[in-house]
């Protein structure tokens, strides 16, 4: 018993002792237990020669920490945007005492601001991003950043630093191309208590900029000292010179600070924000739309814009339309009368003959709002002088005229998109707009970035251009400096032609592959996190193909099935040709860093697979994020399909030799040229001597030569000699670009041989066009037939829920077509083989190269050497997907054969014969589950099920597979609107893809046992449905005219989520609680992911006070009749500038007072007339209020 | 029998003159076919073309590669090589026999149009069953007419279209 008690006591003592030791150790530690951080490694490595260094994670606000007196503390600031102080009051007090008592503190980067937080320095430094190389101001975009020493004090910090600049007083330790880094410096006022040791030194593209603001400052505070350096030296910079300088400077700072020991705080790893869980087919991006160019009223009416553009995009799921309100000269079509109560700005430009007038804007906005679309006015630039006051007043005037929701209602704009704006840290721009349109959004796109309070940022395609090259757009690793959280919106490039309207700012030159690359890159970073994109387009008539791609990739963001030739990103494409004109092309410019093939290759891809033509590489992204670059994707096959002909007999009657010199008929001289010269046997037979980008009528830009091309493989030899300036020309056949060719006066003139495949012997048009630059002479242009087999690829269905790559091959023996069909978000494809002609005895052997795969099983236990039923292949590498191959249609004597590690099929083709084989890639190990059903799944991909929406416009679809799949339905007729689709009880509003022969393709998700319901036609807009800008944002369960369960799938950021109910109402509850934020039949909800039960009813007690319109993130909006109060509560966590109030339009009686806000007098708004003021008053009462709880009081 | 010295003198003079003259004679002879549109009613012209085509046919039937090479243009020979490439075959006697004799007989068909431009000539004849026209091309190499290929012109239905086809066949080469 005693022993037991003793043992127990000993145990307790041990535990207590260990606990005490732990406690003491914890107290002695200077802060939280160190944990791995992204920056800790390099700093630890750089400071390994400094004694007693201890790495730790910088504590968060509210976290306890200790610093030992007499030691040093080195803080590495965070590499991200931060607002306010990093420290709470207790932490500030503790650090201040640490310095006061003799500690030495070194602050790098944004942490330099701590000197103000600790009240060591009264002058607050400015934090922000230093950026260079993110817009078209430069071709290089390289910046090096550091310090220029201006004081002889603290020499130990600088003595013996490795040379990084010609000037001994300058040390550069950060930078890149492009360059984006945090900088904290005293740009407004110099430090008052500290001694400036160095100012900022910046070198842009090798040229020194003027010395900057104080960047390295020293303070003596109490018995301690502080050193603040507003830029973090980059210890891992790819430039070894900068890296060495950074390490040396950091070591000197550490030695300067170190006492008994040195503690280094590095930033905590940024938390990874989880992507909200979306419904299976919910769009990854909630908003997309097109930018409508300035309206040339002589050529185009608003109803034509609606019919041609708006409705087409709407059918494809667009919910946004941006109107280009200013013309090429920066003028709008909204005149400003001299006697207007809002005094006109002298520099205002409002009389453009080409542009969107008030009436045109109102007409289009009404049409768009009727379809639950949002309309934003694009101002590039604001049509007034560059002064801040002029710009602000002009924006106020345009807001009053075009966006006043109280006077214009549905005809008002939903916001403005600005291209250039003043540094607006207080939100003045937002103030101008929200006095008329409380819910409207103000967007600012592109570089240069600066504070923009209350608005939304968008990246802009123009910033993808180089100073000397016009090709714009951002994709891949090209100028990757627009993070998704800071830039939730994007203006993407779809202008095929170079837009030459603005001198010095030529932009455009997009292509299908560039459209896909931009969209994928943009959406991938923003999937499920809100935001949107809109496209800059040529007029529809200029490049109709662009519309197909834009609508296709926007309909199914990231997941879209596409077929694209590599015109922009190909190894011999336009961007590569342009880059070759530069001395040092910037990294990532050509293809955004992705591996590329030749221009002529047509790539079929979706988010899972990429096939570079049937004979090309097959790549697989196991995460389904459409990443197919080297090192990102799995290479399933280097060359997927090879066809071999044998057994045929040559046809002497079809043999011909051809060599054509297109210059043999002489040259057409200078003068009297239009932009395009057509050369034909029946008309002009001479090719112009010179082609020029911009010299009409002296020389044309394009020559189109009719060519009676025999089928086969040809080689075109061309010699272009630069005449005036350098440039880029393209060679195309029937519009399909074959090669982009640079020409330059300084480059040697060399013949270039271009492969030309001709698979149909009709009259073809060979086109040579100068895309950009000066002029060039065509010194040689001839074609020689070199081979019997010609293979041409085309995008039969370019982009969307479905895409079809078509390759036609013709020789003297045969003519056949290979189609590859796939659909969005589908890891597989179907290969169709059509034979149109074959000589007698001809046989074809097709070999599918699938290295690493082995035969596992087949459906009916067939031998691998004679396969006519689906079978399973599995890769030796367990990370690679299983592959189910399903022969869907074979002729009587055809069969697939697995032998010696390869899959082959031998056939004797006959005219009219057709074979179909499906390939389905599955999660590793799951192929067995799919094997019995792969045939059905792939057959549905090949031939979408036709669905008749009967008289009511409704249909149901019952699945018969035990596995969840997505399938495409073919619905007859034009819908005029998106479809309402119910999957697993949730209704979503979904765009569709146009079918060339009429009808629409709609993709749906079929879960096992679920009955999918589809509703189309006008009735979609008559039901309870998502409100403006919410079509791709919401799913509704059990929607009735008076209720629905609403699931907000992701935040919108552009407009609050809303539901339009199918009936009138005057009272709303959300989850049973009264909710008074509605307008007409539209109920608005907080802009955050949530599932809410919304019910409406008509009480008939007169109009109840409620919020009609606001952008405030209301969490409570309730009228309390007992107190005659409308209570508005906003989320206090909002990042809105404290000086910037919210506004709202209230319906119902006029309130008497507002607690936490004010009623805005209409007189202060300077409306154009008393009549308009009365109209505004009839539209509701405008109030301003601040975040927190606001009480709007009503009188008796 | 003694040889007359006068004859020696004549013979030597003739050789001398020949030695002076022959180097100045043109190597290739000009194209004997009349330039411009062919008079298809003139049997001599069609016979010349037919002879050239028949030489090719004969070489094919006999599988005589050397004769075939001599009877066709190098470009046509190259085209045949191209045609056999996809089958992994080369031009040999067997391939020639498979090509068969199918050229000369075209020239017995109803002629639609013909043209001679420089060294090149082309003739279009009506194909049976309304299947357009067959265009045969020839080239004068300075010594003889060589066959330069044959092609179907499915869209050609009348003389005007045939004229355009033959002009295209000889143009811009």
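The values are calculated or read from the model by the stated rules, or taken from the named source; none is laboratory data. Treat the numbers as computed from the prediction; the structure is a model and nothing was measured. Neighbour counts are summed over all protein chains in view; Cβ atoms, including those assigned to glycine, are modelled from backbone coordinates with ideal geometry.
A compact table of results
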| read-out | value |
| --- | --- |
| Odd one out for residue A:672 among (1) surrounded by fewer than 23 Cβ atoms within 10 Å (Cβ to Cβ); (2) within 30 Å of residue A:524 (Cα to Cα) | (2) |
| Single residue of the range B:154-173 satisfying the filter (more than 9 Å from every other protein chain (Cβ to nearest Cβ) and in a loop (DSSP other than H, G, I, E, B)) that is surrounded by the most Cβ atoms within 10 Å (Cβ to Cβ) | B:156 |
| Given (1) within 14 Å of chain B (Cβ to nearest Cβ); (2) surrounded by fewer than 20 Cβ atoms within 10 Å (Cβ to Cβ), index of the condition residue A:790 fails | (2) |
| Failed item, numbered, when residue A:748 is tested on (1) at pLDDT 95 or above; (2) over 30 Å from residue B:152 (Cα atoms) | (1) |
| Complete set of residues in the range B:35-56 that are within 14 Å of chain A (Cβ to nearest Cβ) and out of contact with any strand residue (DSSP E or B) (no Cβ under 9 Å at 6 or more places or on another chain) | B:54 |
| Meets criteria (within 11 Å of the chain's Cα centre (by Cα), without any contact (Cβ under 8 Å) to a residue 60 or more places away in the chain and not in a helix (DSSP H, G or I)) for residue A:484 | yes |
| Strands (runs of 3 or more DSSP E) fully within the range A:904-980 counting 1 or more residues that are in contact with a helix residue (DSSP H, G or I) (Cβ under 7 Å, 6 or more places away or on another chain) | A:914-922, A:965-971 |
| Check on residue B:116, more than 10 Å from every other protein chain (Cβ to nearest Cβ) and closer than 20 Å to residue A:649 by Cβ | no |
| Any chance residue A:1091 is outside the structural domain of residue A:416 (by TED's automatic domain parsing), surrounded by fewer than 18 Cβ atoms within 10 Å (Cβ to Cβ) and part of a loop (DSSP other than H, G, I, E, B) | no |
| Residue among A:652, A:671, A:712 that alone is more than 8 Å from every other protein chain (Cβ to nearest Cβ) and farther than 17 Å from residue B:168 by Cα | A:671 |
| Some residue of the range B:72-90 being more than 7 Å from chain A (Cβ to nearest Cβ), at pLDDT 90 or above and touching a strand residue (DSSP E or B) at 6+ places or on another chain (Cβ under 7 Å) | yes |
| Checklist (1) assigned to a helix (DSSP H, G or I); (2) closer than 26 Å to residue B:64 by Cβ; (3) without any contact (Cβ under 8 Å) to a residue 24 or more places away in the chain applied to residue B:151, failing item | (1) |
| One residue from A:743, A:826 being in contact (Cβ under 8 Å) with a residue 24 or more places away in the chain and within 24 Å of residue A:940 (Cβ to Cβ) | A:826 |
| Given (1) surrounded by fewer than 17 Cβ atoms within 10 Å (Cβ to Cβ); (2) modelled with pLDDT of 95 or more; (3) touching a strand residue (DSSP E or B) at 6+ places or on another chain (Cβ under 9 Å), index of the condition residue A:1188 fails | (2) |
| Filter result (closer than 13 Å to residue A:707 by Cβ and in a loop (DSSP other than H, G, I, E, B)) within the range A:676-690 | A:680, A:681, A:685 |
| Test set (1) surrounded by fewer than 21 Cβ atoms within 10 Å (Cβ to Cβ); (2) under 39 Å from the mean Cα position of the chain (by Cα); (3) assigned by TED's automatic domain parsing to the domain that holds residue A:571 - residue A:700 fails condition number | (1) |
| Positions within the range A:347-362 being part of a loop (DSSP other than H, G, I, E, B) and touching a helix residue (DSSP H, G or I) at 6+ places or on another chain (Cβ under 7 Å), in sequence order | A:347, A:348 |
| Given (1) surrounded by fewer than 24 Cβ atoms within 10 Å (Cβ to Cβ); (2) under 17 Å from the mean Cα position of the chain (by Cα); (3) farther than 24 Å from residue A:650 by Cβ; (4) at pLDDT 90 or above, number of the condition residue B:143 does not satisfy | (4) |
| Residue in the range A:655-668 that is farthest from the other protein chains (Cβ to nearest Cβ), counting only those that are closer than 29 Å to residue B:90 by Cβ and part of a loop (DSSP other than H, G, I, E, B) | A:658 |
| Unique residue being touching a strand residue (DSSP E or B) at 6+ places or on another chain (Cβ under 8 Å) and either under 29 Å from residue A:942 (Cβ atoms) or surrounded by fewer than 24 Cβ atoms within 10 Å (Cβ to Cβ) (or both) when the list is A:516, A:491 | A:516 |
| Residue that is nearest to the other protein chains (Cβ to nearest Cβ), among those in the range B:119-136 that are free of Cβ contacts under 8 Å to residues at least 60 places away in the same chain and assigned to a strand (DSSP E or B) | B:134 |
| In the range A:172-198, the residues that are in a strand (DSSP E or B) and over 37 Å from the mean Cα position of the chain (by Cα) | A:195, A:196, A:197, A:198 |
| Residue within the range A:614-634 that is within 14 Å of chain B (Cβ to nearest Cβ), part of a strand (DSSP E or B) and surrounded by fewer than 19 Cβ atoms within 10 Å (Cβ to Cβ) present | no |
